[in-house]
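Each remark here refers to the structure printed beneath this line.
FYI, it's all coordinate maths here, none of it is from the lab. Just so you know, these numbers come straight off a predicted model, no measurement behind them. Glycine also receives a Cβ, built like all others from the backbone with ideal geometry; neighbour counts cover every protein chain displayed.
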Amino acid sequence: MRGAVEKDYEFFTALMSKSTFGITPLRHKTIKKLGRENLRDNMTDMELALVNIGELTAKELHRSRNTKGRKNLRKDVSEAGKIAGDTRKQIEKKTGKPVISRLKHTEPNLL
């Protein structure tokens, strides 16, 4: 354990989402008009890819820095989210479209 408790994970998830997408998971669910449905199950492949970039980057930062303690874990998550967020912004700039989809994911994930 690196010093986080179960309740910290919700905070870290919200921080990662805010850094990556500029919105909280609750706002993301609202945009997609989801009720009790799982947000990830309704993300597009691009949204999921950005979530994975952020989470895997945070994991690598934790490992490479041997991060311990909430404050330091928060720093890693924030930095990883910024990397994913910068990637999102580049994609949006090049495509001219927002990454966050208002639609529920309906096609099977082929990856």
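Across the chain, the relative contact order, built from alpha-carbon pairs under 8 Å that are at least six residues apart, equals 39 percent. Applying a DSSP loop filter and a limit of 14 other Cβ atoms within 10 Å to the trypsin sites (Lys or Arg not before Pro) in the stretch 9-111 leaves Lys33, Arg36, Lys68, Arg102, Lys104. Local charge for Glu47 was computed over the other residues whose Cβ lies under 10 Å away, with Lys and Arg +1 and Asp and Glu -1, and equals +2. Our note on the geometry: Cα centres of the stretch 64-105 and the stretch 14-31, 10 Å apart. Remark: the stretch 1-104 projects, on average over all directions, an area of 6.6 nm² (convex hull of Cα atoms).
Each stretch of four or more DSSP H residues adds -39500 (n - 2.57); spread over every residue of the chain, this sum gives -21500 deg cm²/dmol at 222 nm. If you count Lys pairs in the stretch 10-111 whose Cα atoms are under 17 Å apart, skipping same-chain pairs closer than 8 places in sequence, the total is 16.
Among Leu73, Leu34, Leu50, the largest mean-square fluctuation in a Gaussian network model of the chain (Cα springs under 10 Å) belongs to Leu34. Here each label is just a point 7 Å from Cα along the line to Cβ, and for Leu26 and Asn72 those points are 3.1 nm apart. Between Glu79 and Arg102, full extension at 0.36 nm per residue minus the direct alpha carbon distance yields a gain of 5.6 nm.
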